[in-house]
Amino acid sequence: MKYLALADIHLMQEKPVCRLQSEDWNMVIENKFRFLSEVCKAEKVDNVIIAGDIFDSWNKVSIELLNVAIRLFSMLKESTLQKCILTIPGNHDSMYGNYDELYRAPYHTLVSVGIFTEIENQKGIAKYLYNGKGRLDTSAKIVVAHKGLYLKEKPFPTAPESGNVEAFVRDCLPDTCRLLIAGDYHKPFITDVGGCKVVNCGSLFRLRADQINYKPEVQVITVDDDVENVSIESFTVPLLNAIRRDYIDDCNEELARLEELVGGISGDFEISSNYATNFYSLTAELENRKSLNMLFERTLTLKKE
């Protein structure tokens, strides 16, 4: 069996600010899906597996974007041998991670019309959702999870210890699991934890300025009938356009100027002193301080009058 593994597609109507203004965002999306379809055909992929976050926001999907998603995912589905896309929802696909309200989301539309087949322990594949806790009660050998996982180093200081991939495999997966396909954190890795192959997919699109050097990849995973032998081949997604971070640099420069200005004011003025005392303090070292002070005092007098 061959699977094409994806996660964190984050389809969105508006072009991310880090993309070039001249870039045709609709064409970028189209090209990505055509590449995925070509990989499926060339590698004779049986099924596609998507580990959540198909859409960037559950409540910001227009009819136009939904129609685009239906067309492109249908094309991807038809490029597989079994005409199947197996999925789980991510936290962005649901109402703030509330899966009880999933029926209101565009993700559910794609399930309802038969484009997606939700993973429900079929074919020995189990799911672990974003709000999952504790050990998964299953004997499945493949688990698809939307859970923030990292390899060794935390991606940010507040990342939970439970996100360490070794801890997650040890504490949350059944001993039978031989393959974990995961999404959520957009930092891809492939590793082996105690006989369990882990594929953390990463994002398909570059959506943030910190991904300026990021090269998206997709994985074709081959397993035998018992999922005892797992092989993984990566395919680099073609990048036709650069992304930018100049707007961040401009913001940082403006912030630095503001901080310097605020710092200068707060450094020169004592909050505990009144305005007049602060003025006299500021002019104390000036040669024309007497004339300035007289003018200042005259101003205060006029204000009182």
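Scanning segment 111-135 for residues that are within 20 Å of S162 (Cβ to Cβ) and crowded, with 17+ Cβ neighbours inside 10 Å turns up A126, K127, Y128, L129, Y130.
Within segment 48-57, is there a residue that is without any contact (Cβ under 8 Å) to a residue 24 or more places away in the chain, closer than 17 Å to M12 by Cα and not hydroxyl-bearing (S, T, Y)? Checking segment 48-57: not a single residue is without any contact (Cβ under 8 Å) to a residue 24 or more places away in the chain, closer than 17 Å to M12 by Cα and not hydroxyl-bearing (S, T, Y).
Residue check: D225 meets all listed conditions (1) in contact with a strand residue (DSSP E or B) (Cβ under 8 Å, 6 or more places away or on another chain); (2) modelled with pLDDT of 90 or more but one, namely (1). Look at (1) at pLDDT below 70; (2) in a helix (DSSP H, G or I); (3) farther than 30 Å from L20 by Cα; (4) of a type in the set (A, V, I, L, M, F, W, C) and you find that L292 fails only one, number (1). Considering the conditions (1) within 14 Å of the chain's Cα centre (by Cα); (2) at pLDDT 95 or above; (3) not polar (S, T, N, Q), I232 is excluded by exactly one of them, (1). Would you check which residues across segment 198-215 are surrounded by fewer than 21 Cβ atoms within 10 Å (Cβ to Cβ) and either within 13 Å of S234 (Cβ to Cβ) or among the acidic types (D, E) (or both) and list them? Scanning segment 198-215 gives D210, K215. Taken over segment 31-59, the residue count meeting the criterion of being hydroxyl-bearing (S, T, Y) and touching a strand residue (DSSP E or B) at 6+ places or on another chain (Cβ under 6 Å) is 0. Among the residues making up segment 83-141, those that are under 19 Å from the mean Cα position of the chain (by Cα) and either among the hydrophobic types (A, V, I, L, M, F, W, C) or not assigned by TED's automatic domain parsing to the domain that holds K60 (or both) are I88, M95, A105, L129.
Within segment 67-76, none of the residues are at pLDDT below 95, loosely packed, with under 15 Cβ neighbours inside 10 Å and more than 20 Å from F189 (Cα to Cα).
Within segment 153-171, is there a residue that is of a type in the set (F, W, Y), in contact with a helix residue (DSSP H, G or I) (Cβ under 8 Å, 6 or more places away or on another chain), in the same structural domain as A51 (by TED's automatic domain parsing) and over 21 Å from H10 (Cα atoms)? Yes, segment 153-171 contains a residue that is of a type in the set (F, W, Y), in contact with a helix residue (DSSP H, G or I) (Cβ under 8 Å, 6 or more places away or on another chain), in the same structural domain as A51 (by TED's automatic domain parsing) and over 21 Å from H10 (Cα atoms).
Filtered by the rule that a residue be out of contact with any Gly (no Cβ under 9 Å at 6 or more places or on another chain), surrounded by fewer than 20 Cβ atoms within 10 Å (Cβ to Cβ) and under 21 Å from N229 (Cβ atoms), segment 139-174 gives a lone residue, P174.
Restricted to segment 11-49, and to residues there that are at pLDDT 95 or above and part of a loop (DSSP other than H, G, I, E, B), the residue that is nearest to E118 (Cα to Cα) is D46.
The values are calculated or read from the model by the stated rules, or taken from the named source; none is laboratory data. Because the structure is predicted, anything quoted here is derived from the model rather than measured. We place every Cβ from the backbone using ideal geometry, glycine too, and count neighbours over all the protein chains shown.
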